Amino acid sequence: MNDKKEICDLCGLAVEVDGFQLITKDGNKKFCCEGCKGIFQMLHEDQVLSAPVENS
Ligand SMILES: [Zn+2]
């Protein structure tokens with residue numbers, strides 16, 4: 001697996017759980033929680049290419 005510490009692209013906190021991510025024109029963004037992902041998506045709507053579908 002990957003033991004590199006990831007940080008949230010919105011708030012800068014460590015990403016503990018994988019799965020909150022967005023693919024943007026600027027690359028793959030990771031977030032610490034659903035809230036951060038949602039806010040980023042709202043702020044950068046034009047840059048977001050796709051949001052991986054959650055099958056929970
Ligand atoms: Zn965050």
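Here are the numbers for this structure:
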quantity: Cβ-placed point charges (K, R +1; D, E -1), dipole of the range 1-50 about Cα centre in debye, nearest 20; calculated: 80
quantity: Stretchable slack from His44 to Gln21, in nm (0.36 nm times residue separation minus alpha-carbon distance); calculated: 6.9 nm
quantity: Phi to ³J(HN,Hα) by Karplus 6.51 cos²θ - 1.76 cosθ + 1.60 over the range 26-39, Hz, x for Gly, Pro; calculated: 8, x, 8, 9, 10, 9, 7, 7, 4, x, 5, 4, x, 5
quantity: Gained length - Glu34 relative to Ala14, 0.36 nm times residue gap less alpha-carbon distance; calculated: 5.8 nm
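Read the figures in this text as sums done on the coordinates, not as results from a lab. Bear in mind the structure is a predicted one, so any value in this text is a computation, not a measurement. In this analysis, Cβ positions are derived from the backbone assuming ideal geometry, glycine residues included, and neighbour counts consider all displayed protein chains.
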